[in-house]
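Only one structure is covered here, and it is reproduced in the block below.
The values are calculated or read from the model by the stated rules, or taken from the named source; none is laboratory data. Because the structure is predicted, anything quoted here is derived from the model rather than measured. Cβ: placed from backbone, ideal geometry, glycine included. Neighbour counts: every protein chain shown.
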Amino acid sequence: MTYGAVLIFARRPELGKVKTRLESRLGKQLTLAVYRAFLADTLEAARQGNATVILAHTPGPRFPEQDLADLVIEQRGITFGERFDSAFEDSANLLRKQTPIVLIGADTPHLSPDSLRDAIDTLGGCGAVIGQNFTNGFYLLGFASYPVPVSEVFSYPSIEETVALQRLLHTAGIVTRYLTLQFDIDTLKDLVRLVHLIGASKGQVGKWIPKNTRDVLVDSGIIQLAA
């Protein structure tokens with residue numbers, strides 16, 4: 001039996017429309033292949049975490065990675081904040097009441113099933129969880145019951161996202177807990193960091209390895225994984 005849901009907020013895998021900061025170094029085709037691997041591994045980690053897996057993607061035709069999700073919805077709204085809130089709202093409406101939901105993107109394929117399970121379990125003792133990244137944003141946001149609208153967090157360019165989010169949740173009286181710092185993969189430097197992480201995990205029992213991502217990195221030959 002699953003308990004809790006992981007909502008993956010992602011772009012449809014389209015050439016030239018994903019991971020544009022990587023594209024300048026890797027080219028469009030390889031960037032798309034890397035992104036698809038990220039997305040597949042993220043969906044698989046959520047599934048192995050024994051959660052209901054929801055994929056909220058940008059509008060467009062069907063694509064194969066949708067088959068890895070239990071529920072698939074299209075993002076709606078004009079701004080990023082509107083699409084973010086609507087993904088939470090639509091997911092909550094599809095689930096049983098009081099189902100905890102954690103939202104992640106498709107740029108942290110190294111998040112293990114255990115870490116996602118821990119995030120859901122943490123919501124048993126608080127109203128919200130935040131996973132901060134090293135760039136003062138967040139890689140994960142979860143709510144114990146019906147999600148709180150957070151679109152305004154993205155409308156303050158002079159305030160760090162995490163700070164704005166903390167203020168919003170505090171004002172709403174929501175008890176919040178914080179998860180381990182992580183990194184998102186937006187640049188080549190981030191990708192190299194992921195390669196080192198995968199290399200360090202290889203052969204260690206119980207360690208999560210994003211296999212699709214590893215295979216693309218190996219097959220492309222752009223970075224040699226450590227033996």
- Determine, yes or no, whether Gln98 is exposed (fewer than 15 other Cβ atoms within 10 Å of the Cβ), under 12 Å from Ala5 (Cα atoms) and among the polar types (S, T, N, Q). yes
- Message: Is it the case, given these coordinates, that Thr31 is more than 23 Å from Arg76 (Cα to Cα), of a type in the set (S, T, N, Q) and at pLDDT 95 or above?
- Response: yes
- Filter segment 71-82 down to residues that are in contact (Cβ under 8 Å) with a residue 60 or more places away in the chain and crowded, with 16+ Cβ neighbours inside 10 Å and give me whichever is farthest from Arg177 (Cα to Cα). Gln75
- Restricting segment 73-90 to residues that are acidic (Asp, Glu) and assigned to a helix (DSSP H, G or I), the one farthest from Gly142 (Cα to Cα) turns out to be Glu82
- Query: What do you reckon, is Ile159 out of contact with any Leu (no Cβ under 9 Å at 6 or more places or on another chain) and in a loop (DSSP other than H, G, I, E, B)?
  - Reply: yes
- Query: Taking the condition touching a Leu at 6+ places or on another chain (Cβ under 9 Å), at pLDDT 95 or above, crowded, with 23+ Cβ neighbours inside 10 Å and assigned to a strand (DSSP E or B), does Ala106 pass?
  - Reply: no
- Output the residue which, of all residues in segment 34-54 that are part of a helix (DSSP H, G or I) and of a type in the set (Ser, Thr, Tyr), is surrounded by the most Cβ atoms within 10 Å (Cβ to Cβ). Thr42
- Query: Is there any pair with a first residue in segment 45-58 that is touching a residue at least 60 places away in the same chain (Cβ under 8 Å) and more than 17 Å from Asp85 (Cβ to Cβ) and a second that is in a strand (DSSP E or B) and small (Gly, Ala, Ser) whose Cβ atoms are under 9 Å apart and which are 6 or more apart or on different chains, and what are they?
  - Reply: Ala46/Ala5; Ala51/Ala5
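Each row is one residue, and each column tells you yes or no for (1) free of Cβ contacts under 8 Å to residues at least 40 places away in the same chain; (2) under 28 Å from His170 (Cβ atoms).
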{"position": "Gly60", "(1), (2)": "no, no"}
{"position": "Ser86", "(1), (2)": "yes, yes"}
{"position": "Asp90", "(1), (2)": "yes, yes"}
{"position": "Leu95", "(1), (2)": "no, yes"}
{"position": "Thr99", "(1), (2)": "no, yes"}
{"position": "Thr108", "(1), (2)": "no, yes"}
{"position": "Val129", "(1), (2)": "no, yes"}
{"position": "Asn133", "(1), (2)": "no, yes"}
- Please list, ordered by first then second residue, the pairs with beta carbon atoms under 7 Å, 6 or more apart or interchain, first in segment 186-202 and within 18 Å of Tyr139 (Cβ to Cβ), second part of a loop (DSSP other than H, G, I, E, B) and charged (D, E, K, R). Asp186/Asp107; Asp190/Asp184
- Could you list all residues from segment 55-72 that are hydrophobic (A, V, I, L, M, F, W, C) and either more than 14 Å from the chain's Cα centre (by Cα) or in a loop (DSSP other than H, G, I, E, B) (or both)? Phe63, Leu68, Ala69, Leu71, Val72
- Task: Look through Leu15, Leu26, Leu32 and report the one residue that is touching a residue at least 24 places away in the same chain (Cβ under 8 Å) and under 24 Å from Val216 (Cα atoms).
- Result: Leu26
- Message: Restricting to segment 166-200, name every residue that is in a loop (DSSP other than H, G, I, E, B) and either at positive phi or of a type in the set (A, V, I, L, M) (or both).
- Response: Ala172, Gly173, Ile174, Val175, Leu179, Leu181, Ile185
